[in-house]
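The values are calculated or read from the model by the stated rules, or taken from the named source; none is laboratory data. Just so you know, these numbers come straight off a predicted model, no measurement behind them. Cβ placement follows ideal geometry from the backbone for every residue including glycine, while neighbour counts extend to all protein chains displayed. Calculation scope for accessible area: heavy atoms of the full protein, side chains included, ligands and nucleic acids excluded. Shrake-Rupley method; radii C 1.70, N 1.55, O 1.52, S 1.80 Å.
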Amino acid sequence: MKFLFDIFPVVLFFVAFKIYGIYVATAVAIAATFLQIGWTWLRHRKVDNLLWATLAVIVVFGGATLVLQDETFIKWKPTVLYWLFATVLAVSALAFRKNLIRAMMETQVTLPETVWGRLLASWIVFFALMGVLNLAVAYNFSTDAWVNFKLFGGIGLMLAFIVLQALLLARHIEDKKAE
């Protein structure tokens, strides 16, 4: 359910784009993200920093798209978000010696320090490459192809990456049980 909740604005963006075009879809994505924040606040009385960052990026880049009537800005939004995630993970590790992947997952799984480090590095590289891939699709294909990639390609690659990570982590979890 959390996954569906997280992709809610992307799905609405996709549907609105197919029916009404890029500008309506952009407005829908902005509104959907505000709704996510509102729903999260009502349910938990707290909103994750990640969701606030997502809102800021969609408002800035989506707003620029609408005000300037230039779809380039909304096409940059996923890249900026991916690169922001990669940067936060890297800066947290290098400047503050804090592995944010470990902080999010350590209550569910126990791993050796080297594995935590590799996991963090793989997420940083993944987000950096996803940003590059988004720009490659945005600048080399039609807007329709980019929107399809945003929903199916981006989410598909994220799911594949998560499954791959789970398979790699499973080996360490089984090792722990054996001990």
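Under the definition of Cα pairs under 8 Å and six or more residues apart, what whole-number percent is the relative contact order of the range 86-179?
In percent, rounded to a whole number, it is 26.
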Quick one: if the Förster radius is 41 Å, what FRET efficiency do Leu164 and Val67 give, using the C-beta to C-beta distance and rounding to 0.05? 0.55
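So what is the relative contact order for the chain, in percent, with contacts set as C-alpha pairs under 8 Å and at least six apart?
Details: 140 pairs, mean separation 32.6, N = 179.
About 18 percent, as a whole number.
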Share of Cα-Cα pairs in the range 28-119 lying beyond 15 Å, as whole percent: 68
Compactness of the range 77-142 - radius of gyration and Dmax, Cα, Å: 13.9, 45
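At a 1.4 Å probe, what is the % contribution of carbon and sulfur to the accessible area of the chain? Can you show the working numbers first?
Details: 7580 of 10630 Å².
So the carbon and sulfur contribution to the accessible surface is 71 percent.
Okay, helix-only estimate at 222 nm for the chain: each DSSP H run of n ≥ 4 adds -39500 (n - 2.57), divide by all residues, round to 500 deg cm²/dmol; what do you get?
Values: 8 runs with 152 residues, N = 179.
It comes out at -29000 deg cm²/dmol, rounded to the nearest 500.
In Å², what does the accessible area per residue of the chain work out to with a 1.4 Å probe? Can you show the working numbers first?
On the way: 10630 Å² over 179 residues.
Per-residue value: 59 Å².
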